[in-house]
Structure formats: C-alpha cells, structure tokens
Amino acid sequence: MPESIEGLFKAVRSACSATVWSRGVELSRANAVNGESVDEDEVRIRISTRGGLICPLVTLYPDDEEWDCDCKSREDACEHAAAAIISLKQARKEGLELPGTGATAPGRIGYRFTRHNGGLSLDRVVVTGKDSPPLRVALASVASGRTDGPDFLATQSDLKVDQLLGARLYGVIPRGLVTKLIEALEGAENLQLDGKPVKTSSKPVVPHGRLVDDERGYRLFIERDPSITEVFHNGVVLCGDVLRTVGEPNLTGRELEQLSRGRIFTADAVAELVTEILPSLEERIPVKVETKGLPRTVREVPRLVIEVKRETDALTVLPTLVYGDPIIARVDAGRLSVLGTKVPLRDEVAERNLIRHLQNDLELIPGRKLRLKGVDAVEFATRLQDWGGEVRGDGHEDFYLAGAVEPRFSVGEAGFTLDFESVPGSDPSETTAVATRSADPSRVLAAWQEGLTLVPLTGGGMAPLPADWLTRFGDRVADLLAARDEAGELPRCALPDLARLCEDLELPPPPAYQELHDLLTHPDGIPAAELPADLTATLRGYQRAGVDWLCALREAGMGALLADDMGLGKTVQALCAATGRTLVVAPTSVLQNWANEITRFRPGLQYQLYHGANRQLDPDTAVTLTTYAILRMDADSLSAEPWDTVVLDEAQAIKNPGSKVAQAAY
C-alpha cells in the first residue's frame, strides 16, 4: 500500500494545476480532512467546508492510481482530491490508517430521544470524544459562525433532519413530523432513547393476523404486532431497540370490523378461507396460521416415481416418493410437502418398504438427483429397463452402446471443419442399414478432457472415443475450435497453428495462410507503410521500422504489442498506425499528454477527452481518449461502439486477466 499511495500522490499532483494544489494544501493544513473508511480497494475521505455543513466525499483508488470526488468539479483533479491524498500520505507516515481521526477530529451529530408524557421528545447533540454538548440551533447557523458551537461533520441524514425540524429544533415531536423524521434517521448513528442506544426503521408496524382452531371450525382475527414493547402517543412504537412508526394495515372498514372481533370459518367455508381470504390477507399483513387441520386430510397409498431426462451428454435421474395420482404431496427428507389442498395420511411402513426396494434395485435415494455420464449412464439405463416401477420421461432410451466415432477433418479457405461419425456398432438392435450418426465435436473434446470414454450421438446411443487420435491432436484441435467465429473461420493469428496441424495430419494448409506466410517469410522484410498525410514529425529509423511493423500486422488482420522503452516515441508510432475511429485508454496522469501529442504530430485528427462526470461519446470524433477507471465503469457503452482501432497505453494495467479492468478491455 505505501508504494500505491506514493504513486497516487504523484498522479494527483501531476493532474492538479498550481492553484488547485495550493488550495488542497490549505485544506489539509486547516485540518479539514477527515477519514471515513478504508478497505482493500478504496479509501473514502470527507473534506469539511463551510464549517462542516458541506463535506465533499473523495474516493481514492491507490492500486489504480485513480480518484473521484462528488463535488462535480470540471477539473481532472480538484482541491478536495489534493487535500485527501496529502493528508492520507501524512497520516500513513505517522502510522495512522486514516487522517483526521484523532482526539481533535470534528464531532458527529447525535440524537437523544426521551420519554415525555407518553410521547417522545428529541434533542440533538454534537458527539466529540466523551463530550456531547447539546445543539439547539440550525446547523447552518453554527457552520456559518453566526452562532458559537463545536466543529462537526454533517451527513445527508443530518441535513435532512435539520430541514425537517425547521424552527422546532428540539422538544416533543409532533405526530405529523414523526414518519419523515424516522425515515430520515434510518441508518444514522449515535441515536439514544433515555441513554440507551436505539435505531430507527422506516418499515411501519401493522396489525398481525392469526388463524387458530375453533370448536366451530377456524377463527381468523388481527392483533397488535407482537414485537412491540412500548407505544408512544405521537405515532411511534418501540420494538426491542428499534423505533418505528405505526402504519395503515390496508384493510377495508368491513375487514377491520370483522377481524377485530374474529371471523369464524366453518367446514363448508374452508375452500374460501384457503383459496381467497388467507392469500389476500397475507399480501397486506403478516399472518400466522396456528392450526394443523388446514387443509383437510385424505387417505392415499405412497408410490415411487422416477423422472429421467437427457441433459446434453448426461442422464439425470430423480426418484420421488409421492402420494396421490395426480400427485398431491411428496416426501422430502422424511418431511411431507403438500402440493395441493389435500393432505394425505402418511403410511410410514409402506414408505420404508418402497425406499428399501429402490436402494436394493437401483441404489437410489428418494429426492436425491443423480447425474450420470458415459459408461455409468449406459449401465444405469440397462438396469432401469428391468425395473418394474413408474418411469416418467424417455431420456434413458438414448443411452446404449453404439459404434466408435472416427474423426473427419477438412480444411477450408480460412478455417476447417471437424466431424466425428459413428457406424453401426455393438447394440443388437443396430444393423448395417442404420444410417451413420455423428457426435458434436465440442462434446467429443469435452468428454475426452473429463476422462470419459463414451460420447453421446445426435441420433441416440453412446459411442467410444478415438482415444489415440485425441491424445495426439485433441489439445490443439480444442484451441482452434475455441478460436473459430460464428462462420467457422479462424482469426488470422491462428492460421499458423492450423497450418502446423495440417502438416501433422498430412493435409494442405488453408489457402488464407499463404498471404500471411509470404509476409512472414518475404526476403525483403516488412514492407514500408504509407505515413499519414498530416504527420508533422520526422521519424527516426527505429520509429519508422516500428510503424512499418505495426501497419503490416494491422493489414494482416492482427494486433500488436509495442514495447519500446520510455521516451522513445511509442505514442507517435501508435498515432501513425491508428486508422479509422480509434479509442485510446491511458492512465489519468498521461491523458493530457496524448492530447498534446495529437495536436503536435497529427493536427488533422479530431479528438475528444471522454472523462469527468458529464462525459458523452462523440461518434464523429476520430480519436477518443479515456482512462482505465472510465473503461471499467463504462464497459457496456464503450464496447457497444464500432471502434476500428483500440490502443491500450501502459497495458500492464490489464496484466491480471481476472480483474474488472482487464475484463472490460477484453
């Protein structure tokens, strides 16, 4: 972290003008910087201005050498970012995790509720260490200096409460203000009720419903939320240590009248209760059902059902112990799950006999899904044919042994085709009249890579793999298959690999490889590229060679990695090779350098800086300059654009393929 802090310090310093940096130094020296939080990727710091009333939040990303401030400044680096990194660097030198967290740090606003004549009153305090002096004036008054008071940092919640209170800055809370005040304080810290910590929740309390047995059938009624421990007359209740408001239950007047005294449902009204009354009520208030007799019970015999499916190259088997036909309930891990409005009376002796039969014959357990591949799937399908129970589905019928598959490899203009075909094999039902069937190449390779010996055929059956051929060529073929596009063609960079594979297979190389081969083996070397007409620079010899090399690879349909040392002119070489609409991604610290280089060496190119809070893409601009942080955040919108050339400056930023910025670049 120290190295990344130093790198971020230099990046911010470089991006700041002298005036902005000076204002940042002043803020840091004025103890206006206060650390808020730190985690693995970012550091959050608030900058106190206007007496703590306005506190912009600066987020620093040390590892990325990036930063962000919510002050909406149009500058790449504002005085708040400068103050934040200056103070953070100094704090780390002093062994502190965050700046401004010592004994002299500004206080935070606290709220003190007290019980008052059956209601609640409220006082605000400023929590500074062990002291909590009262705050009975508006925050703006203290912040502006019109009224004496301790230093504080105000959050958005504090400002919202201040606006809600208006002239009523303390005392009994009016009923009309309660709901908005409780909502504003949700998530706030330093709340107490008569000296004990409390929280607030914007979720209002409503009556709860209960359904119980009654001698006439069932009784449904509403009662007070059982979590309430105290009620205050100004519309607030205490639930444990949480203050909440009293909400409307969204019940009609007739429902309130009936359910307040309790509504009785006799046997002939159970269907209405189950299908209409309870579902409607449960959508509006919590309901607790305290009866085991709902719905009615019926007598059924348990039975076993085995559901089989073919899922690509696997056979899935799910045995279930059920009641009823059609099924009204099933047994899951010994528990009965009701699927309808009837509950069967369980016959546990019959259930145990069925389970024992299933385990002995098929080695299965009810409710446990089995997934089988290859030889295991073929063997199980054979055993299932002799099982006398109910089987749903016909997926197992595809799993029988067929003839081995043989590879058919052919070369196209810029790609290849690969098929695996099987002739009639060992299954007794197959004859020489059966048409040749095939296996999907991706499934063949996946089965081989998983260590399987069989692969499913498109027309049914499982065929042995060509193990010797796959051992010799499987890895290379898998890589080439993964590189093919939707049309079955390979990128130019993969054609040499295909040509080498063709040589080993004793096949001619793809015709499209010849042009690339001629380029790579041309006796005169790389051809000279045509330089841009608006180029104002005189290229050195190695720079001209670099431009020729970049353009040759570009014309060949491939990318390039330019790795000259610092200061040798990689930027001007890239500008000479870039063509069409171009996206340049660079660290924030060198973004302006790209703009300067374009103006200096390619004045005919129009460019835009895609950066800042109000950034927008201009489709008519030749070159768009942005940063890795913006690339990560705007990956969807940037990847939707039709870029002809993409340049990644300081490309070590994507060296970790699992990082978000690398994924965005891909």
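General remarks:
- The residue of the stretch 40-50 that is most open to solvent (accessible area, probe 1.4 Å), among those that are touching a residue at least 40 places away in the same chain (Cβ under 8 Å) and touching a Phe, Trp or Tyr at 6+ places or on another chain (Cβ under 9 Å), is SER48.
- Some residue of the stretch 51-60 being part of a loop (DSSP other than H, G, I, E, B), touching a residue at least 40 places away in the same chain (Cβ under 8 Å) and either closer than 23 Å to SER659 by Cα or open to solvent by 30 Å² or more (accessible area, probe 1.4 Å) (or both): yes
- Counting only residues that are more than 16 Å from TYR61 (Cβ to Cβ), assigned to a helix (DSSP H, G or I) and under 20 Å from the mean Cα position of the chain (by Cα), the stretch 636-659 holds 4 of them.
- Wholly within the stretch 345-431, strands (runs of 3 or more DSSP E) carrying at least 2 residues that are within 28 Å of THR453 (Cβ to Cβ) and basic (Lys, Arg): 370-373
- In this entry, ILE86 passes the filter for residues that are of a type in the set (A, V, I, L, M, F, W, C), closer than 25 Å to ALA613 by Cβ and modelled with pLDDT of 90 or more.
- Qualifying positions in the stretch 187-201 - at pLDDT 90 or above and either open to solvent by 50 Å² or more (accessible area, probe 1.4 Å) or not in a strand (DSSP E or B) (or both): GLN192, ASP194, GLY195, LYS196, PRO197, VAL198, LYS199, SER201
- Within the stretch 568-615, considering residues that are β-branched (Val, Ile, Thr) and more than 31 Å from the chain's Cα centre (by Cα), the one nearest to PHE9 (Cα to Cα): THR571
- Scan of the stretch 202-215 for residues that are among the acidic types (Asp, Glu) and open to solvent by less than 60 Å² (accessible area, probe 1.4 Å), ordered by number: ASP214
- Within the stretch 64-73, one or more residues are touching a His at 6+ places or on another chain (Cβ under 7 Å), assigned to a strand (DSSP E or B) and under 28 Å from ALA586 (Cα atoms).
- In the stretch 22-39, the residue that is farthest from ALA83 (Cα to Cα) out of those that are open to solvent by 30 Å² or more (accessible area, probe 1.4 Å) and hydroxyl-bearing (Ser, Thr, Tyr) is SER37.
- Index of the failed condition, VAL142 passing every other in (1) open to solvent by 30 Å² or more (accessible area, probe 1.4 Å); (2) among the β-branched types (Val, Ile, Thr); (3) over 22 Å from VAL236 (Cβ atoms); (4) in contact (Cβ under 8 Å) with a residue 12 or more places away in the chain: (1)
- Residue count for the stretch 560-574, restricted to those that are exposed (fewer than 15 other Cβ atoms within 10 Å of the Cβ) and in a helix (DSSP H, G or I): 0.
- Considering the stretch 226-253, and only residues there that are within 16 Å of GLU282 (Cα to Cα) and crowded, with 18+ Cβ neighbours inside 10 Å, the residue that is farthest from the chain's Cα centre (by Cα) turns out to be LEU251.
- Scan of the stretch 254-272 for residues that are modelled with pLDDT of 90 or more and either buried (at least 17 other Cβ atoms within 10 Å of the Cβ) or in a helix (DSSP H, G or I) (or both), ordered by number: ARG254, GLU255, LEU256, GLU257, GLN258, LEU259, SER260, ARG261, ARG263
- Scanning the stretch 1-46 for residues that are among the aliphatic types (A, V, I, L, M) and assigned to a helix (DSSP H, G or I) gives ILE5, LEU8, ALA11, VAL12, ALA15, ALA18, VAL20, VAL25, LEU27.
- Test: residue in the stretch 169-181 that is out of contact with any Leu (no Cβ under 6 Å at 6 or more places or on another chain), at pLDDT below 85, of a type in the set (A, V, I, L, M, F, W, C) and open to solvent by less than 80 Å² (accessible area, probe 1.4 Å): yes
- One residue stands out in the stretch 138-149 among those that are more than 24 Å from LEU181 (Cα to Cα) and outside any helix (DSSP H, G or I): the one that is modelled with the lowest pLDDT, namely GLY145.
- Each residue in the stretch 445-483 was checked for being in contact (Cβ under 8 Å) with a residue 24 or more places away in the chain and open to solvent by less than 80 Å² (accessible area, probe 1.4 Å), and 25 pass.
- If you go through the stretch 511-559 and pick out every residue that is within 44 Å of the chain's Cα centre (by Cα), of a type outside the set (D, E, K, R), open to solvent by less than 40 Å² (accessible area, probe 1.4 Å) and at pLDDT 90 or above, you end up with 6.
The values are calculated or read from the model by the stated rules, or taken from the named source; none is laboratory data. What you see is a predicted model, and the numbers here were worked out from it, not measured in a lab. Cβ: placed from backbone, ideal geometry, glycine included. Neighbour counts: every protein chain shown. Just so you know, the surface numbers come from the protein's heavy atoms only, side chains and all, with ligands and any DNA or RNA stripped out. Shrake-Rupley method; radii C 1.70, N 1.55, O 1.52, S 1.80 Å.
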